Structures are given as C-alpha cells and as structure tokens.
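Peer 1: The structure's right below; bear with me while I get my questions together.
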Number of protein chains: 4
Amino acid sequence: MTKITILIHCKDTSGIIASVTSFIHQNQGNIIYIDQHVDRQNGIFFMRSESEFVHDNFDLESFRSEFKYRIAEPYQMKWQLHSDDYRPKMAIFVSKYDHCLYDLLGRYNSGELKVDIPFILSNHPDLKPIAEAFKIPFFHVPYTKEISQEAQIKQLQLLEQHQVDFIVLARYMQIISTALIERYENKIINIHHSFLPAFVGAKPYHSAYKRGVKIIGATSHYVTKELDAGPIIEQDVTRVTHAHSIEDMVTKGRDLEKIVLARGIKLHVDRKTMVYNNKTIIFS
Amino acid sequence: MTKITILIHCKDTSGIIASVTSFIHQNQGNIIYIDQHVDRQNGIFFMRSESEFVHDNFDLESFRSEFKYRIAEPYQMKWQLHSDDYRPKMAIFVSKYDHCLYDLLGRYNSGELKVDIPFILSNHPDLKPIAEAFKIPFFHVPYTKEISQEAQIKQLQLLEQHQVDFIVLARYMQIISTALIERYENKIINIHHSFLPAFVGAKPYHSAYKRGVKIIGATSHYVTKELDAGPIIEQDVTRVTHAHSIEDMVTKGRDLEKIVLARGIKLHVDRKTMVYNNKTIIFS
Amino acid sequence: MTKITILIHCKDTSGIIASVTSFIHQNQGNIIYIDQHVDRQNGIFFMRSESEFVHDNFDLESFRSEFKYRIAEPYQMKWQLHSDDYRPKMAIFVSKYDHCLYDLLGRYNSGELKVDIPFILSNHPDLKPIAEAFKIPFFHVPYTKEISQEAQIKQLQLLEQHQVDFIVLARYMQIISTALIERYENKIINIHHSFLPAFVGAKPYHSAYKRGVKIIGATSHYVTKELDAGPIIEQDVTRVTHAHSIEDMVTKGRDLEKIVLARGIKLHVDRKTMVYNNKTIIFS
Amino acid sequence: MTKITILIHCKDTSGIIASVTSFIHQNQGNIIYIDQHVDRQNGIFFMRSESEFVHDNFDLESFRSEFKYRIAEPYQMKWQLHSDDYRPKMAIFVSKYDHCLYDLLGRYNSGELKVDIPFILSNHPDLKPIAEAFKIPFFHVPYTKEISQEAQIKQLQLLEQHQVDFIVLARYMQIISTALIERYENKIINIHHSFLPAFVGAKPYHSAYKRGVKIIGATSHYVTKELDAGPIIEQDVTRVTHAHSIEDMVTKGRDLEKIVLARGIKLHVDRKTMVYNNKTIIFS
C-alpha cells in the first residue's frame, strides 16, 4: 500500500475539490482525509488530502506526472506530493541552552519524531556530550563576525552533503545568513521565547518582566529575512504573576519552548503546514 | 444566492467524497467548505459541506430529492440538508440560576446567536422579570412529583405549538421526561457544571472541593436517558487552588458554564455537530 | 464584627511583618489572611492583610490613627485601610458595544459584583435601553473634538456629584482626558481587546489577523496617560486558526473581553491590587 | 547566610502569625516570604515562611529547639523546618515508558531540579541505557506476584541504603507495597495519565476516547493506599477532538505527563506542599 499526501494552493474557482477527488478516485485511491481552506480576502484555495492506494501496480511517478498534467496545470496550482515512505532529514542547530535539544532527542529516541537527524550543529562546543550520549554526529562551527562567511559556507556544505530537508533552530543564538534562508525557504523552524509579535528580538523575558504581563508565551515560526517576523506555526502561553522573577520566567518558559517547538516540527513533518502571504495554514 | 449545509454519515467506502463533490459541482454549486472524518474503529464516514448556488433557477427541493436519489440512497447515508435561510427556534428552560440566561439573552440581543427564542420555560417564577426585560414570553410550569405528568404534557404542548427545533437547559434543575428526550433526540443541550465524566450528578462543586482537584470544568452535552452521560459537545476548565471555598468554585464555575453552554449552542446552530455511538463529531 | 483590609508598601527592611501582625494582635484582631511580596530589584515591601475584630468596642478611626502613628509613619509606608462594610461606587463608561455592559450588569444583578453603580455614561445614546432594563441612570455625554472640553467637565461633574470611587471603561471608544486620569489615578479600569503589549491601539483584531497569530487575547489594565501602557491587572487568551476571519476573532474575543474585564474589576473591588512602577501586585 | 523554610499547621487560633513572625524577628531573621491558609471548614491554620539569617553565629539546631519549645508546643503544631543547604535525595521508579524519565533527567542535568538522584529502579531492564547515558545507577528489580515479597524488600533496602528522601513514580506500572507507602507517607509522587478523579485505574486514554471527552488531562499526586485517590498536587489538561485516535491521545498526553510530574516534583522539593485530610495546600 502507498499512502500519499497532496498539498495544493491556487486561485479559488469552482470545481477544484470535485476535480481532485475524482482524479484520485479514478486512480483507485481511497481518500482518507481531506481538508480545505479558502482565503476569501485574497481569493486563494488551499487543500490537503491523504489517500491510500492499495493495488499492486500503483506507480507514484506516473501518478505524479498525470496529476501535474490533468489537474495541477489546468488550475495553475502550486503543489506538493509526498509519499509517506520518506523520512525527512532534520538538522538541529543549537548554541548553549540544552532544554530543547534534550526534549527533541528524547522524542526522537522514543519514535515520536518521524525524522532522521543527520547531525547537530553548534557555534559552541558545550552540548557535544549530549549529542554523543544520543549517538548523533556533532559539528562545532564557530561563528563570529570575522569568520561569518567561512561559517556560512561550512553550514551550507554540511547541509548539502547530508541532504538535509529542513533545519530546526533549537535556541540557536546566531543570525542565520540570507543565503541559508533563501536556500531553505519555509524550511527553517525557529523557537522564539515570547508570544510574538510581543517582545521581538533579544531578552524577551526581561521585557515581559518589565512590562508586568500576566501571561508569557513561546512561538515557533518559519525563519524569514526579517527578524522574528516569519510565518507563525504554533504558539502557547503560561501564566505568571508579579512574584515571578526574570529567572522564574526563564524556567517556566523553557517548558513552553520545548512543547511549542516540538509541535511546530511535528506539523511540518506531517506536511500539515502551508505558507501564503507570510501566514501559515495549519491543517488539522 | 442559496447557501446549503449537508451533513452525512454512512459506511466508509471508496469514492464518497468524489461522488458528493461532483454532484454539487454538476448542480453548479460552489463548495466553500468541506470537512470529513472517518471513524476507523467502526468504519463510518462523516462529512460536512457548505455550498453556494448563485444561479437564479436553483431549486432547493429538487436538489434535495435528486441528492437523495443519486447520492444518499446508493451509499445508504443518514443525512441532513439545511438551508442557511432558516433560523432555528430555540426554547430555553431555566430554574432559579440566572447567569446562563443573562448570558444567552445578551448574545441573542447583540445578534451573536442566530436563533429565534419563542419562549423561556421555568419550574419557578423567579426569572420572569429577566424574560420581560428582554421581551421574551415566559411560561411558569411548576414541576413536582405529584404533577410531573401534567407538567410534561404542558411542556410538550408548548414546544409543539411554537414549533421549537431544539431546547437549551440553562441550569434547569429538573429531570427531563423520557418522552421529551425521545421527541428531541440530540436536540436538547444541557450544561453540566463539572468536567464530565468526573462528578456526575448533583453538587459537583462540592465533590470537586472534597476531592481537592486543582482544575474545575464545565460540559455541554446532548441529553440522553442516562443522567449526565450524553454525547459531549464542548468542555472547558479553569484553575482553582486550596484557597477556593465551594462558594468561590461556584462563582468561578459560572463563567465556565456560560461560555461552554454558548459554544455548544453555536456549534449546534451552525450544524457543526453530528452524533454517533454516544459521541459527537464536531466540525471546525 | 468589623473586617478590615490593610494594604501597605514601603522600603523593605527587617521586622515589618512582625510589627504589623503584633499590632493587630494587640488590638484583639484576628488575622485571617496575609500575603506579602518583596520586589527585590527595587527593595520594596508589599503586604495585604485581612483581619477581623469581634469585640464590641472596636473603633475603626482610633485604630486607623494608631496604626498611622505606631506603624505606618515609622516605616514610611504608603498604606490604605478599608472596612468591608463599604460598597464602592463604580461608574461605567460605554460607547456602542453592549457585550461587556450586559455581562457586568448580569453579574451586578446576581450579586456577584459587590458595588453600587450610580450611573452609566456614554458618548452615544444607543445603549440607553439596556441601562433602563436594568434600572440604572444613563447619561448621554456626546464627545467630539469641538466639545471635548465641555464633555470632560460634564464627566467630572457627574463623577463628583455621585461620589464615584472608580470607573470602568467597558469598551468606551473615546480618549480619557488627562484631568480625569490624574483625578482617578489607578482607579480607571480599561479592557483592551488584545494581549498587550502586542497590538496596542485601534483595531487589534485586524492586526492579529494580518500577523497570523494562533492565539488572541484581552487585557484589563489601569489607565495612564500613555495609551494602552498602564499597569496590567489581568490577561487571558484563546486559540484561533487560519480559518478564523477578523469577524470570527471579534466574536471569540468578546467572551475574553467580558471575563478579563470582570476579573480585573473584582480584583480591584476586593482590594487585591497594588500598583508600583507601572506594574501591579495582585494578591491571591 | 542561612535560609530556612518553616511549614506549620495547627488548630486555628488568634495570634499565631504574630507569634511566629515575632520569634523569627527576635532571632534576627528576615522574613522574605510568608503565606498562610485557614481551612475554615475544619478550623485548621497552615503557614509557610522563608527567612534569612545573616549573622555569623546563627545556629540552626538551637533555633530549632527554641522554636519547638516557645512556638510549636504551645500551639500544638505539626511542623517542619528545612535548611536550604540540604539537597533532597530523589529515587526514580520506571517501567518501560521513557518520556518522563528523559524529561526528568534533562531537567536534572541542566540544574533545574535541585535534587540528587541516587538511583533509578525498574521492574524491567529496558531503560538501563538511558540511566547509563546520564551516568545514574540503575537497579533492575523484577516484580511478579511470585516474588513480590522479595522485590519489596529489595526496594526498601535500596531506599534505606541510599537515604532516599522521596520517590518519583515516572510511569512505574506496578503496585506499590503498603509497607513502602507507610514508610514514605506523602513522599511518593505518582503521575496518573488522566484528569483525576475521571478515569481512575488502567488505560485512562482508552476510557477518555470511549466517553468522547473534548479535553484530556494528567495528575500528579501523593500515593496512598487507595489507588489513584491520594492528595492531588498538580493537574493540567489539553484539548482533543473526535479526530484523535487513542494513539494520538497517548502522544498528546505524554507532554502533559512530563510537565505535570515535573511541576509536582518541584513543588515538593521547594517545600511548597502540605497535606491535610487527603488534600494538598500548595503555597505560591
């Protein structure tokens, strides 16, 4: 049996759902999930479907090319077609904070995260022992103003060499180069330790403390060139009081960061995210 | 323009989505929303769709009969087809607590609840002034063991006479008769002041206090013959501490009850609920 | 029996709690609640206590002056001493939105809000019928650039005349004059329909929609001269998705606004709020 | 500097707070935190205080005996006095699930959990590699009906030998012996994977699925002889829908379990919990 996930978006018009579902049906596929959304402001149609093909002679590539010819091109769709056989390759970038790393590796080890992790990269050597405990290759790529060019090249080389599909910034405290952002558009997931758009930039817990908010948050988002302004994938919050010091907020926030990042990654891995106009559509 | 909502469920099989969507498309309808769910344990398929028909000569009744003949019968569907023109008639049953009643009437007055309210019924006269302030007919139908038969007949008469579509028990503290439950299957919405299935029955806040829980809840559900055991539509919770007295819990709980009941009603009015096997499917 | 609440803050030093509690004990009071907080950054001590005095010859005014002389002055405290007998007078300012008004009046009528409401004031006549249904005086004080001076004078006159203790802006869509803010420092409670400091100013739901956030919020705060920047009393949030239109957010947000405003008011009425450095201390 | 935490409870009477705070003050202590609670139903007074003693000649043991003689005995208090210098020893019991273990060890390694972990004990050998990766001794103590006596003795020996202060059951899927429960009263913390008292016993996610709840939860509690009925320390919940399979609930629940267990442990380690009448008082 082959299970495939199709993501499409195109100008909204009548008959798209009927065309797609009939096409899958004619190819002896069984649609087990379909969800769609229309952005009425912009007149854009989005759809995600999962289908199963049980017959032996199903050929993914001929299905793909026929879908392109008969469905995608007539409707001028942007589309992706993924087979569930494939396990995406996820690189993890870290600096010195270890809580998100521990959390991701725990989920990976217990089989919850359905990815391969070709390597962990850091601008500091501190977390190498954790990578070793989990038996994952660790690359220390220092990053300073003087050697930033060098570092960026090294990063891209490692990513290419290991055929990385997407990158997770698990509290990586360095700017990502424009080249990397362009190469991995909507494929770099960052965790920001505030409820965006509140407290953009560095030290959000300090700002939250100063403003006296009663709730703090965390946000996972795709990285774009503008700092902390990319499409939001997932957010969550937790209560604080006047009695919480900055240090207390940092500690409480760590749990949020871990969960919000993990949820964001899982949505991405399950192909449940689409991006349009700097916003995400998150399918259920 | 006519906008219709179709709800169906039937044995899961291949091609249902394609058949339904093609049928709507062939009738010049534009599907603006589709959501589906497969209960894999029981092999049951559920779907909800909204479609718009912009052409002048669209005829709802002939569409309905053709849908029945060409789609519903071949797949042996249970189905409903609703036109958005229709405003459902909602009766409210209350006793002495007024918070849910105030809340519902506030939402009704501001246009948030898209229903008509033919009357408010109570086993006590206390809330009559509120009904009057909002200019809604109020019927006082006393209910005691001795006159329960009489009361039940009176209730059914009022409901029939006003062609009531569904009933909201807004903290109505009386047992509902079997006759009424059967007549309005999945059409009586109750608010229970606990996080079901915890604390079934009377005085749930007292039980929650005694057990020392750190979170209390409220549940809106369809009424079935078994007390507090009907299909759950919506639930929500709020934190409490050791410092909350029973009275404090009651006060905090009121806000939950209001919101959880209102959400349950809105899901019902928007035709976003289906019931199968004593559970709800809640479409988004 | 007399029950009094004492709020104090002063420079942190050793022995304050012992001094205050011994003083109350010596005056035959029974402390039934005490909570304290030290702002370590600024070295400020905050305390709230509730005490009961059961003896017949307890005299509030002599207790007050002795407390001042023996405790408050030696420690250079800022302090308040409230008797629970007193019911604060709360004025409500509204414009055209009615949901917060309905909610507050429902709570008031059912005895949940322990205040008197001398009047409702609005810059529009629309909500007068609601005030009438609840039998509360309603004053229509139009407000435009040309007559702003006049309106401000009229507002202050009404507030003085009715000896108003604090003001609730229940979606009052007009700027509050500096004179009013100064006269009622930390006594004007506003509800802002976003999770501050995100989306300050007008149309926060539009901004939230545009940014694609996954959670929206509401904030009740004391009004200061800087717009939406006053001390936050309470905040809460609710989830939204890509499928929520601005209109959907507005509807969902209404429930948040009602609850977050009501909670803020209750904390204020219960004397559980203190303000320092543009932040609140909220006692439990 | 010495920092001590005092926990007391006794029959409620007038003057307790004044007596305790004056005593600390007279011993040149600075109270930096005080919180108290009166259980009005039972007439019991509870208090937690933190004090700092900066003078060089502070002697913990003489303070302790004087407190006993002058304060605790006159009021017939049950009391505990802890110095912050001491790091409690926490044993972890596991079976085959690893998510809570990974989470706790991650927190331990990053310094968030202020405990020593003398050993991890399991009735299965599966998680030994994790213990080794984190360099913590691991004892495999098999447990079957036939050898239950033997296993219980072995458990108690290990606990005594390592002077364990409290035990965490991190998804330990075995009954705890009465001897162990009596020996470690209010010192065994369990995580139950439901929102107690809903779904007591085995397979709560299956029951939650069957009942069709819209929210699932987790509960950390002290272990008593009655299954899943001990004093609740902390609870939290997360939303589910009809679309979540049992497997999905298990996955979502894991994140709850980790956090609710970690919070419960931290409250215990920080001496913020007291137990009375099978309920907890949780200080802030």
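The values are calculated or read from the model by the stated rules, or taken from the named source; none is laboratory data. Model, not experiment: these values are computed from the prediction. Glycine gets a Cβ as well: all are built from the backbone with ideal geometry, and neighbour counts include every protein chain shown. The area values use the complete protein model at the heavy-atom level, side chains included, leaving out ligands, DNA and RNA. Shrake-Rupley method; radii C 1.70, N 1.55, O 1.52, S 1.80 Å.
Peer 1: Here are the criteria: (1) free of Cβ contacts under 8 Å to residues at least 60 places away in the same chain; (2) within 30 Å of B:Pro137 (Cα to Cα). Tell me which single one B:Ser207 does not satisfy.
Peer 2: B:Ser207 satisfies all of (1) free of Cβ contacts under 8 Å to residues at least 60 places away in the same chain; (2) within 30 Å of B:Pro137 (Cα to Cα) except (2).
Peer 1: Here's a follow-up. Does A:Phe93 meet the test of being at pLDDT 95 or above, part of a helix (DSSP H, G or I), open to solvent by less than 40 Å² (accessible area, probe 1.4 Å) and away from every other protein chain (no Cβ under 14 Å)? Quick ask: steps written out before the conclusion?
Peer 2: Numbers: at pLDDT 95 or above: yes; part of a helix (DSSP H, G or I): no; open to solvent by less than 40 Å² (accessible area, probe 1.4 Å): yes; away from every other protein chain (no Cβ under 14 Å): yes.
Here the answer is no, as A:Phe93 does not meet what is asked.
Peer 1: If you don't mind, another one. Against the condition among the basic types (Lys, Arg) and within 13 Å of chain C (Cβ to nearest Cβ), how does A:Arg211 come out, does it pass?
Peer 2: Working: among the basic types (Lys, Arg): yes; within 13 Å of chain C (Cβ to nearest Cβ): yes.
Yes.
Peer 1: Mind checking which residues of region C:217-239 are over 14 Å from the mean Cα position of the chain (by Cα) and more than 10 Å from chain A (Cβ to nearest Cβ)? Spell out how you get there, then give the answer.
Peer 2: Quick first cut of region C:217-239, residues over 14 Å from the mean Cα position of the chain (by Cα) only: C:217-218, C:225-229, C:236-239.
Those that are over 14 Å from the mean Cα position of the chain (by Cα) and more than 10 Å from chain A (Cβ to nearest Cβ): C:Ala218, C:Lys225, C:Glu226, C:Leu227, C:Asp228, C:Thr238.
Peer 1: Please pick out the residue among A:Leu196, A:Leu261 that is outside any helix (DSSP H, G or I), in contact with a helix residue (DSSP H, G or I) (Cβ under 9 Å, 6 or more places away or on another chain) and open to solvent by less than 20 Å² (accessible area, probe 1.4 Å). Walk me through how you get there before you give the answer.
Peer 2: On the way: A:Leu261 fails: outside any helix (DSSP H, G or I).
None of the other options fit; the residue is A:Leu196.
Peer 1: Hey, another quick one. Select from region C:232-258 the residues that are of a type in the set (Lys, Arg) and either assigned to a strand (DSSP E or B) or on the phi > 0 side of the Ramachandran plot (or both) and list them in ascending order. Give the steps one after another, and end with the answer.
Peer 2: Our first condition is that a residue be of a type in the set (Lys, Arg); within region C:232-258, this holds for C:239, C:252, C:254, C:258.
C:Arg239, the sole residue that qualifies.
Peer 1: Just one of (1) under 27 Å from D:Gly43 (Cα atoms); (2) touching a Lys or Arg at 6+ places or on another chain (Cβ under 8 Å) trips up D:Leu267, so point out which.
Peer 2: Of the numbered conditions (1) under 27 Å from D:Gly43 (Cα atoms); (2) touching a Lys or Arg at 6+ places or on another chain (Cβ under 8 Å), the odd one out for D:Leu267 is (2).
Peer 1: While we're looking at this one, here's another question. Can you tell me which residues in region A:113-158 are among the charged types (D, E, K, R), more than 19 Å from A:Asp98 (Cα to Cα) and free of Cβ contacts under 8 Å to residues at least 24 places away in the same chain? Step through it out loud before you land on a result.
Peer 2: Start the filter on region A:113-158 by keeping residues that are among the charged types (D, E, K, R), which leaves A:114, A:116, A:126, A:128, A:132, A:135, A:145-146, A:150, A:154.
Checking the rest, the ones that are also more than 19 Å from A:Asp98 (Cα to Cα) come to A:114, A:116, A:145-146, A:150, A:154.
A:Lys145, A:Glu146, A:Glu150, A:Lys154 - these are the residues of region A:113-158 that are among the charged types (D, E, K, R), more than 19 Å from A:Asp98 (Cα to Cα) and free of Cβ contacts under 8 Å to residues at least 24 places away in the same chain.
Peer 1: Step by step: first the residues of region D:96-131, then only those that are surrounded by 17 or more Cβ atoms within 10 Å (Cβ to Cβ) and of a type in the set (Ser, Thr, Tyr), then the one that is nearest to the other protein chains (Cβ to nearest Cβ). Which residue is that?
Peer 2: Within region D:96-131, the match that is nearest to the other protein chains (Cβ to nearest Cβ) is D:Tyr102.
Peer 1: Still on this structure: Among the residues of region C:132-143, is there at least one that is in a helix (DSSP H, G or I), modelled with pLDDT of 95 or more and surrounded by fewer than 17 Cβ atoms within 10 Å (Cβ to Cβ)? Spell out the reasoning first.
Peer 2: In the first step, residues of region C:132-143 are kept if they are in a helix (DSSP H, G or I); the result is C:132-133.
Checking the rest, the ones that are also modelled with pLDDT of 95 or more come to none.
Scanning region C:132-143, I find no residue that is in a helix (DSSP H, G or I), modelled with pLDDT of 95 or more and surrounded by fewer than 17 Cβ atoms within 10 Å (Cβ to Cβ), so the answer is no.
Peer 1: Among the residues in region A:30-46, are any open to solvent by less than 10 Å² (accessible area, probe 1.4 Å), in contact with a Leu (Cβ under 9 Å, 6 or more places away or on another chain) and either part of a strand (DSSP E or B) or within 14 Å of chain B (Cβ to nearest Cβ) (or both)?
Peer 2: Checked against the condition, which is being open to solvent by less than 10 Å² (accessible area, probe 1.4 Å), in contact with a Leu (Cβ under 9 Å, 6 or more places away or on another chain) and either part of a strand (DSSP E or B) or within 14 Å of chain B (Cβ to nearest Cβ) (or both), region A:30-46 yields at least one hit.
Peer 1: Those residues that are of a type in the set (D, E, K, R) and within 25 Å of the chain's Cα centre (by Cα), I need them from region C:41-68; list them, please.
Peer 2: Of the residues in region C:41-68, the ones of a type in the set (D, E, K, R) are C:48, C:50, C:52, C:56, C:59, C:61, C:64, C:66, C:68.
Hits for region C:41-68 are C:Arg48, C:Glu50, C:Glu52, C:Arg64.
Peer 1: Would you check if there is a residue in region D:28-35 being of a type in the set (D, E, K, R) and more than 26 Å from C:Ser19 (Cβ to Cβ)?
Peer 2: Filtering region D:28-35 for residues of a type in the set (D, E, K, R) gives D:35.
Right, trim to more than 26 Å from C:Ser19 (Cβ to Cβ) and you get none.
No.
Results for (1) of a type in the set (A, V, I, L, M); (2) within 30 Å of D:Thr273 (Cβ to Cβ); (3) touching a residue at least 40 places away in the same chain (Cβ under 8 Å), shown as yes or no for each residue.
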residue: B:Val164; (1), (2), (3): yes, no, yes
residue: B:Val168; (1), (2), (3): yes, no, yes
residue: B:Tyr184; (1), (2), (3): no, no, no
residue: B:Ala198; (1), (2), (3): yes, yes, no
residue: B:Lys203; (1), (2), (3): no, yes, no
residue: B:Ile232; (1), (2), (3): yes, no, yes
residue: B:Val237; (1), (2), (3): yes, yes, yes
residue: B:Val240; (1), (2), (3): yes, yes, no
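Peer 1: I need the full set of residues from region B:2-29 which are at positive phi and open to solvent by 20 Å² or more (accessible area, probe 1.4 Å), in order please.
Peer 2: Initially, region B:2-29 is screened for residues at positive phi, giving B:15, B:28.
Correct list: B:Gln28 only.
Peer 1: Related question: What number of residues within region B:211-228 satisfy the criterion of being of a type outside the set (Asp, Glu) and either outside the structural domain of B:Ile188 (by TED's automatic domain parsing) or surrounded by fewer than 16 Cβ atoms within 10 Å (Cβ to Cβ) (or both)? It would help to see each step written out before you state the result.
Peer 2: Keep residues of region B:211-228 that are of a type outside the set (Asp, Glu), which gives B:211-225, B:227.
Those still in the list that are either outside the structural domain of B:Ile188 (by TED's automatic domain parsing) or surrounded by fewer than 16 Cβ atoms within 10 Å (Cβ to Cβ) (or both) too: B:225, B:227.
The total comes to 2.
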